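Working notes, beginning with the structure itself.
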Amino acid sequence: MSERQVEVEILRYDPETDQAPKLQSYSVPCQEEWVVLDAITYIKDHIDTTVSFRWSCHMAVCGSCGMMVNGEPALSCKSFLRDYPDKIRIEPLAHFPIVRDLVVQLDDFMEKLNRVKPYIIPKEKKSVSDGQHKQSPAQLKAFKQYTLCINCTLCYAACPQYGLVPDFIGPAAMALAHRYNLDSRDGGREQRQEVVATDEGVWECSFVGACSEVCPKQVDPAGAIQQMKIASTVDWYKEHLMPWSKP
Amino acid sequence: MEKIQIDIAIVGAGGAGLRAAIALAESDPNLRIALLSKVYPMRSHTCAAEGGAAGVIKGDDSLDLHFSDTVGGGDWLCDQDAVEYFINEAPKELTQLEHWGCPWSREPDGSVAVRPFGGMKIKRTWFAADKSGFHILHTLFQTSLQYPSIRRFDEFYTTDLLVEDGRCQGCTAIEMSTGLMYQFQAKSVIVCTGGAGRIFSFTTNGAIKTGDGMALAFRAGVALKDMEFVQYHPTGLPGTGILLTEGCRGEGGILVNKHGYRYLQDYGMGPEPPLGEPVLKTMELGPRDRLCQAFWHEQRKGNTVSTQWGDCVHLDLRHLGEKKINERLPFVRDLSISYVGKDPVHDLIPIRPVVHYMMGGIHTDINAATTMPGLYAAGECACVSINGANRLGSNSLTELLVFGKRAALNAIEYISSGGKDVDDAAVTKLANEAQGRITTLFQKSNGTETISGLRKEMTDTMEQGAGIYRTEESLKETCNKLNELRSRFSAVELNDKSNVFNTDLFSALELGAMLDVAETVAVGALERKESRGSHQRLDHTQRDDNNYLKHTVAYHDKTDPPRIDYLDVVITKSKPGVRDYSGDKK
Ligand SMILES: Cc1cc2nc3c(=O)[nH]c(=O)nc-3n(C[C@H](O)[C@H](O)[C@H](O)COP(=O)(O)OP(=O)(O)OC[C@H]3O[C@@H](n4cnc5c(N)ncnc54)[C@H](O)[C@@H]3O)c2cc1C
Ligand code: SF4
Ligand code: FES
């Protein structure tokens with residue numbers, strides 16, 4: 001197996017001792033098949049045990065390890081060193097306050113997930129003894145893509161609007177609302193509209209599309225928001241121009 | 001120290017912990033619940049499960065078949081009363097998840113689809129493509145958000161259980177972002193901290209699976225049961241240990257050696273059926289323990305393929321075709337292309353056995369109760385035992401649900417019928433002592449040992465001595481090494497002296513837990529002088545029901561190796577028999 005020396009710069013910040021974040025450089029002997037995360041754990045195990053970062057699954061499914069790699073939001077466990085030059089810069093995800101080093105504060109994101117009521121609000125009451133709902137493969141397909149979000153928040157780090165207006169509910173949470181709205185078992189769209197069809201919701205999105213580009217799971221949050229925008233506009237016309245059309 | 005007073009604390013917010021929390025909140029909205037987790041709930045390792053969850057739902061299946069597949073698969077070490085309860089509850093729990101929005105894959109008629117898994121007579125595994133655990137976890141997490149009584153403490157690392165008057169009365173935990181210690185005073189505690197695969201170096205388990213909860217209970221005096229039974233999964237990607245689900249073989253994938261030969265037929269699992277026509281419970285759909293053992297023999301015969309990551313065999317999915325692979329196994333395709341550069345549509349995929357699951361865990365009974373009043377456990381950290389000596393694939397996800405809920409309901413029952421109040425003064429004293437221990441570790445100087453150094457020695461000795469095949473000699477060496485490492489652990493010094501997100505500290509605590517847990521695995525294996533399920537001894541090759549149709553229970557000692565004792569297995573209707581995976585052809 002061939003080895004390559006890579007210079008890894010990591011943004012370091014400990015609020016207890018540091019005035020401001022600063023880059024620290026490490027020279028790491030890397031195996032050719034390594035991902036960026038492997039280089040960072042190598043540093044932690046062999047060079048500097050004080051580097052703080054989050055990770056767990058190492059298979060791009062737990063959503064812990066998002067970082068800025070050479071200025072782009074990325075999952076460090078699925079960013080292969082072979083795709084980078086011999087010098088890489090690693091920083092915490094943009095648009096989030098830093099807790100320490102590469103660890104960012106997620107409170108705001110967690111609150112927003114919660115706010116969109118991301119759970120089935122049943123169309124009709126049904127108990128377990130009544131058995132399963134029927135849901136055709138086509139009905140499943142209608143929302144399946146939006147269930148794939150791993151909450152890695154890369155899309156928030158990529159979204160210029162979230163950077164400017166932190167009140168914006170943001171791509172992943174919006175896509176999740178859309179996911180439940182589209183589920184044939186759900187009847188909660190109206191309740192969610194109170195949250196998403198607002199100035200903090202669909203109307204805040206300027207449709208740059210950076211979220212969908214950066215998403216490691218092809219969730220396409222931009223597409224979800226666009227669809228919700230159209231549906232909300234239809235709602236608006238129904239309510240304001242055609243009051244009789246409300247069911 | 002911050003003091004949180006609640007009725008029930010749940011440690012761990014994976015599948016089991018979330019299911020328990022929802023059951024508590026649904027039963028009584030006035031219950032005060034704390035849900036602690038060292039990672040955000042959706043990072044819990046349940047998210048990594050791919051294949052699916054078993055539950056009888058189709059007309060051609062029966063509870064009896066699920067029972068016999070599970071008990072035989074477990075080489076008769078399962079408690080049969082618990083298995084019976086489990087299989088009865090399984091379909092209800094999976095249906096409940098369906099109501100909560102889990103995107104289960106569907107048949108054309110809109111009913112939930114099932115796929116075959118290894119060791120099953122009939123296909124009964126519910127699946128959501130090949131991201132079943134991920135969808136189960138997110139469904140549970142999102143569902144839990146509608147219950148305001150579930151107070152979450154995300155990124156709180158639990159350090160100790162608080163035991164006074166023989167009862168569990170809470171726990172202490174460090175808020176990771178600040179380093180502050182909290183005491184949680186609770187009338188009952190449910191431990192749902194998951195497995196401990198990280199005691200081995202090559203594993204499908206995420207970084208967080210360090211056996212913390214097992215160690216918490218163990219140190220508090222509760223036994224760990226059947227720890228020597230460690231499941232290897234036959235199809236891990238070399239290098240990383242990333243899992244390719246058994247669903248690959250369920251969908252018709254085959255295993256071949258370097259000659260392109262389906263070698264499993266040489267190990268009592270044949271005859272070989274035609275390509276694309278898998279016969280359930282034979283060949284590639286045999287049980288995991290047998291498949292991994294067959295790999296070991298092939299390696300010794302020189303039939304494996306040598307790769308840059310060591311010896312492998314090949315998983316062949318090519319005959320399934322691109323459409324089916326994309327529909328049923330999209331994640332497998334993605335993982336395989338990314339991490340070993342092989343596209344299953346066109347290429348053979350190198351794979352090898354990898355440490356996957358702990359059958360053993362905190363000794364619980366059919367009620368998910370431990371022997372300590374007030375303390376419950378569920379999920380992979382617990383051992384009920386429905387998994388016996390070898391878990392049947394896809395029983396674990398269902399187990400999280402069934403016993404997560406059961407633990408919750410029994411904890412409510414306990415606190416409402418005579419569970420006493422918390423002794424504030426005594427518990428506070430214990431919490432202060434726990435904090436003192438952390439402070440000592442934190443401030444130690446002149447340390448001579450490193451965390452990564454000790455961890456490597458531990459995982460190396462586990463692979464060497466307590467792997468797929470074991471001997472008295474290999475195990476003795478591992479036991480001695482682990483005991484030595486436990487004493488050397490006291491010479492670890494932290495370099496990181498910050499209070500803020502100090503991962504150096506948490507790695508040290510995790511290492512301490514892993515060393516305790518690893519020793520129960522090795523000592524349990526040394527004492528079990530037979531071969532059963534996943535525990536295979538080259539010096540005792542037969543199953544020995546006269547002496548070892550028993551659960552191992554291990555008790556903690558501060559310095560010496562754990563003390564081993566045995567408990568009877570509950571056998572109701574299935575007497576130990578022969579595990580036959582030849583399609584009844586003998
Ligand atoms: C790759 C892979 C694939 C699998 N596929 C399948 C499958 O297809 N079917 C199947 O049935 N099973 C499968 N399994 C097994 C199954 O997924 C696990 O056994 C199960 O998910 C464990 O769930 P859990 O709730 O017990 O623990 P986890 O989901 O691991 O959660 C543990 C929780 O405990 C918390 N915790 C741990 N320690 C502490 C501490 N000190 N303080 C605070 N919190 C703590 C963690 O933060 C986490 O929230 C698979 C396992 C793996 C690894
Ligand atoms: S939508 Fe994509 S980028 Fe955004 S959090 Fe989900 S998975 Fe990550
Ligand atoms: S470590 Fe889980 S997504 Fe990267």
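The values are calculated or read from the model by the stated rules, or taken from the named source; none is laboratory data. From a predicted model like this one, the values you see are computed outputs, not experimental measurements. Virtual Cβ from ideal backbone geometry, glycine too; neighbours counted across all protein chains shown. What goes into the accessible areas is simple: the full protein's heavy atoms, side chains included, and nothing from ligands, DNA or RNA. Shrake-Rupley method; radii C 1.70, N 1.55, O 1.52, S 1.80 Å.
Grab the Cα-Cα distance for B:S417 and B:E449, subtract it from 0.36 nm times how many residues apart they are, and report the gain in nm with one decimal. Walk me through the numbers on the way to the answer.
Numbers: separation 32, 0.36 × 32 = 11.52 nm, distance 4.88 nm.
In short, 6.6 nm is gained.
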Could you tell me what fraction of 2.2 N^0.38 Å the Cα radius of gyration of the range B:203-245 comes to, as a two-decimal ratio?
1.48
Point-to-point label distance, B:T572-A:L23, nm (Cα→Cβ direction, 7 Å offset):
6.5 nm
Between B:D347 and B:S490, the two model label points (7 Å from Cα along the beta-carbon direction) sit apart by a distance in nm of 5.1 nm
Computed [θ] at 222 nm, helices only, for chain A once each DSSP H run of length n ≥ 4 contributes -39500 (n - 2.57):
-9000 deg cm²/dmol
Within straight cross-link reach of A:K44, meaning Cα distance under 29 Å, which lysines are found once same-chain residues fewer than 8 apart are removed?
A:K22, A:K78, A:K87, A:K217, B:K38, B:K209, B:K444, B:K456, B:K481, B:K497
Would you kindly state how much longer the chain becomes between B:K558 and B:L409 on full extension, computed as 0.36 nm times their sequence separation minus their alpha carbon distance, in nm to one decimal?
50.3 nm
Answer with one residue from B:G253, B:W296, B:G286: the one whose Cα lies farthest towards the positive end of the charge dipole of the range B:235-354, charges on Cβ with Lys, Arg +1 and Asp, Glu -1.
B:W296
Would you mind telling me the share, in percent, of accessible area of chain A contributed by carbon and sulfur at probe 1.4 angstrom?
52 percent
Could you compute the FRET efficiency for A:V165 and B:D545, with r as their C-beta to C-beta distance and R0 at 56 Å, rounded to 0.05?
0.20
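Treating the beta-carbon of each Lys and Arg as +1 and of each Asp and Glu as -1, no other charges, what is the dipole magnitude of chain B about its Cα centre, to the nearest 20 debye? Mind dumping the intermediate values first?
Working: 64 positive and 76 negative charges, 137 e Å.
About 660 debye.
Compute the semi-axes of the equivalent ellipsoid of the range A:4-104, taking the square root of 5 times each eigenvalue of the Cα gyration tensor, and list them largest first in whole Å.
20, 16, 12
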Would you please state which residues of the range B:102-137 a label at B:K323 would reach in this model, taking the label point 7 Å out along Cα→Cβ and a backbone N cut-off of under 15 Å?
B:108
Which residue, chosen from A:I225, A:Q191, A:T41, occupies the Cα position most advanced towards the positive end of the dipole of chain A, where the dipole is computed from +1 (Lys, Arg) and -1 (Asp, Glu) charges on Cβ about the Cα centre?
A:Q191
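One-quarter of the Cα convex hull surface for the range B:83-185, in nm²?
Quarter of the Cα hull surface area: 10.6 nm².
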What FRET efficiency do you get for A:Q218 and A:N70 if R0 is 25 Å and r is their Cβ-Cβ distance, rounded to the nearest 0.05?
0.70
Probe 1.4 Å - accessible area at A:H46, Å² to nearest ten:
120 Å²
Using only the alpha-carbon atoms, how far is helix A:221-240 inclined from the longest principal axis of chain A? Give it as 0 to 90 degrees, nearest 10.
30 degrees
When you look at the Cβ of every residue in B:335-342, what mean number of other chain Cβ atoms sits within 10 Å?
3
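Under unit Cβ charges (Lys, Arg +1; Asp, Glu -1), what dipole magnitude, rounded to 20 debye, does chain A have relative to its Cα centre?
Value, rounded to 20: 1220 debye.
Report the extension gain between B:D565 and B:K258 in nm, rounded to one decimal, defined as 0.36 nm multiplied by the number of residues separating them, less their alpha carbon distance.
Gain on stretching B:D565 to B:K258: 106.1 nm.
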Select from chain B the helices, each a whole stretch of DSSP H, whose alpha-carbon atoms run 27 Å or more along the helix axis and whose Kyte-Doolittle mean is at least 0.0; answer none if there are none.
B:395-416, B:503-527
Ignoring everything except DSSP H segments at least 4 long, calculate the 222 nm mean residue ellipticity for chain B; use -39,500 (n - 2.57) per segment, divide by total residues, nearest 500.
-11000 deg cm²/dmol
Would you calculate the convex hull of the Cα atoms in the protein assembly as shown and tell me its volume per residue in Å³?
159 Å³
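Could you tell me whether the range B:335-446 comes out rounded, prolate or oblate from its Cα gyration tensor? Rule is a ≥ b ≥ c as square roots of the eigenvalues, rounded for a/c under 1.5, then prolate if a/b exceeds b/c, otherwise oblate.
oblate
Am I reading the A/B interface right? What is its buried accessible area, both sides, 1.4 Å probe, to the nearest 100 Å²?
5100 Å²
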Using the Cβ atoms and a cut-off under 9 Å, what net charge is assigned to the surroundings of B:S177, where Lys and Arg are +1 and Asp and Glu are -1?
-1
log10 of Debye I(q)/I(0), alpha-carbon scatterers only, for the range A:107-245 at 0.09, 0.14, 0.15, 0.20 Å⁻¹
-0.28, -0.66, -0.75, -1.19
Obtain the nm distance between the two label points defined at A:K126 and B:A426 by a simple spin-label model: each point lies 7 Å from its Cα along the Cα-to-C-beta direction.
5.0 nm
Hydrodynamic radius of the range A:75-185 per Kirkwood, over alpha carbon pairs, in Å:
16.8 Å
